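Everything below concerns the one structure shown next.
The values are calculated or read from the model by the stated rules, or taken from the named source; none is laboratory data. In this text, all values refer to a predicted model and were calculated from it rather than measured experimentally. Every residue, glycine as well, gets a Cβ built from its backbone with ideal geometry; the counts of neighbours run over all protein chains shown.
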Amino acid sequence: MNYDPKIIERGKLYYRNNLVKYCIKYKNFLFGEVVGSDTYKVKVDLDNNYFGLCTCQYKYNCKHAYALIEAYENNNYVDAEEIFKEIEDKPKEEILKILKNLVVKYYLWDEFLNTDSLLNKAIGLIKLIPLERKNIYTFKSFLRNQFVKNADDEELIKVIDEMIRADLDFNNSDIIEALTIILDEIFRRENKEAIKKLINLYRKHKKELWIVGDYLIEYYDNYFDYED
Ligand SMILES: [Zn+2]
């Protein structure tokens, strides 16, 4: 466990002072909320050295994460399976009511939007770019505001493929910017399969996708840093 002794001490104090609102174990993670100067959301990975992510300014392995670990080690947690089992046993109408209330309360609408139609919309917008200059701006804001956060890995790659097919000018700064919005997301996710597919596409279209080379250099640099 990679926690500073001072952090451990404070985390224990937080736990003893009942500042852990709840601690849930789901699969190999702990989820919880811990009260500090704000209420922070915390997630601890039990399989990865109790690595803790937190919404506080320290971001990881902080006193809030340790407070959650302390709750867990004192057997002061709820198994998520029990919560889900309780839901499972309810009649369908009641489950639907719970679901609808959650969607409304937490703005989870985009979980239910058809991302396939998002892909079609992206392809439609790409085809408009060569026809009229300003369409690139519509495309960029569509990528930023809707597409990258809802698309799966496959769809991100597909859009790049479509941009090549549409014969766009990959030396134009707006086209490059659109491409980097997608590339940023692919490399942020760090899905090896997706990156492999991107590399294959890059090998075939080095002239258009020259900027991918820069991303790959940085990616492999980071990758080898992690290995150290
Ligand atoms: Zn924290």
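Descriptive notes on the structure:
- Of all residues in the stretch 170-193, none satisfies being under 25 Å from the mean Cα position of the chain (by Cα), of a type in the set (Lys, Arg) and crowded, with 17+ Cβ neighbours inside 10 Å.
- Those strands (runs of 3 or more DSSP E) of the stretch 29-72 in which at least 1 residues are more than 9 Å from the ligand (Cβ to nearest atom) and crowded, with 23+ Cβ neighbours inside 10 Å, considering only elements entirely within it, cover 29-35, 39-45.
- When the criteria are applied in full, Leu113 fails the requirement of being over 23 Å from Lys25 (Cβ atoms), at pLDDT below 95 and surrounded by 12 or more Cβ atoms within 10 Å (Cβ to Cβ).
- Yes/no for Ile83 being surrounded by 11 or more Cβ atoms within 10 Å (Cβ to Cβ) and either more than 13 Å from the ligand (Cβ to nearest atom) or under 30 Å from Ile176 (Cα atoms) (or both): yes
- Residues satisfying the stated conditions in the stretch 174-214, i.e. small (Gly, Ala, Ser), closer than 21 Å to Phe139 by Cα and modelled with pLDDT under 95: none
- Out of Leu96, Leu68, one residue alone is out of contact with any Leu (no Cβ under 6 Å at 6 or more places or on another chain) and not small (Gly, Ala, Ser). It is Leu96.
- Within the stretch 162-187, being more than 15 Å from Val212 (Cα to Cα), in contact with a helix residue (DSSP H, G or I) (Cβ under 7 Å, 6 or more places away or on another chain) and in a helix (DSSP H, G or I) holds for Glu162, Asp174.
- Considering the conditions (1) surrounded by fewer than 18 Cβ atoms within 10 Å (Cβ to Cβ); (2) more than 25 Å from Asn222 (Cβ to Cβ), Ile199 is excluded by exactly one of them, (2).
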